[in-house]
Every structure is written in structure tokens, then in C-alpha cells.
Amino acid sequence: MRYLMWTLAVLCLVSIVGLSYLNRFQILPDLSVSPAGSLTFKSNSQLSNHINSYFESYHSSKSKRDYVCAHHLWAQDDRYAYVDLVCGMFERSETGEVEMLYGFRAPTRVELNVNGQVENFAQPVDGRHHESDKRRLFPKSVLKRSKELSTKQPWNNIHLLALQRMTTDL
């Protein structure tokens, strides 16, 4: 009896590790998450303001410097917003131009509460697990849309936001 229980435990462990390995190394490429409810692809200005404010506050508090964030909304379901997020730190040069000191861009799954406020977020890791992490975080239809909407819009928006803020701070 004890031998049978150990055998079953080992088989379960091997199965879990095996499936994880297959997913992680893209041997089973169609494993992806399903949306939480129906997907919508419309932009929402109130949600956009919540997302930008959340990430600006989050990154500014971590680095003790002011960040500016912008995003491009790919889709939204009942629980998440899926965005192309861009954040950066800016300063005014001697010539008066707004220059980016540091910036990054990351596909981001934003977790929303019932009031549409940001509660948490997740981003794929860099490196060899990036693609499998994207499949774990984003529904297949969102990944397809993200490729169709690949754009420089967030980079343009973040520079405009930084310029606007620095002009009002004068």
C-alpha cells in the first residue's frame, strides 16, 4: 500500500513538472489563458487616467524620482486591462528641450477591482521565458491584437505628457 502511494505521488509530481516544462519551453505553444468574461477593444478615458496615475505613482515611489507613464489599451475584460505600457523619467535640457533620461516599455496585464481602480499588475519576464509568460498572462486574441496594433503611439504620448507637465511646472 505504501509503495502504491509513493508511486502515485511521484507520477503526479513528474506530470506537473513535465507539463510545466512543455509549456515553459514552448513545446505546447497553444496553452494560453482565457479572458475573464468578454473582451472589449474600446478605449476608456477614465480607465486610462487610473492606469497612468497608478504606474506613475508606483514607479515614482520606488525610485524617488518623478515618472511619466502612457499606454496603449489593447483590450479589456471583466477583470483585466491589457496594455502596452511606457514609463520614463524626463528632464529639461539647457536648450529647453524635454529629454528622456530613462524609459521602458512592457506589455502589461492590469488587474482591476469592481470600481475600475488598478489593484495589481503583471508583466512577462525578460529573457528566454518572455514568450511563454506572455501566453500565461494574455489571452490569444489579445496577443494577436497586440501584434496588429504594434505602434509607436505610447512613446509619442509619453513625450507629449512630459512636455505638457514640464510646461505647467514652470
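The values are calculated or read from the model by the stated rules, or taken from the named source; none is laboratory data. Keep in mind that what you see is a predicted model, and the values were worked out from it rather than measured. In this analysis, Cβ positions are derived from the backbone assuming ideal geometry, glycine residues included, and neighbour counts consider all displayed protein chains.
Within the set D30, D78, the sole residue that is at pLDDT 85 or above, over 30 Å from L160 (Cβ atoms) and surrounded by fewer than 17 Cβ atoms within 10 Å (Cβ to Cβ) turns out to be D78. Here the condition is being farther than 15 Å from L112 by Cα, crowded, with 20+ Cβ neighbours inside 10 Å and in contact with a Phe, Trp or Tyr (Cβ under 7 Å, 6 or more places away or on another chain); of V68, V83, it holds for V68 alone. None of E131, E119 is modelled with pLDDT of 75 or more and in a strand (DSSP E or B) except E119.
Is it fair to say S93 is closer than 19 Å to Q117 by Cα, in the same structural domain as I158 (by TED's automatic domain parsing) and out of contact with any Pro (no Cβ under 8 Å at 6 or more places or on another chain)?
So S93 does not fit the description; no.
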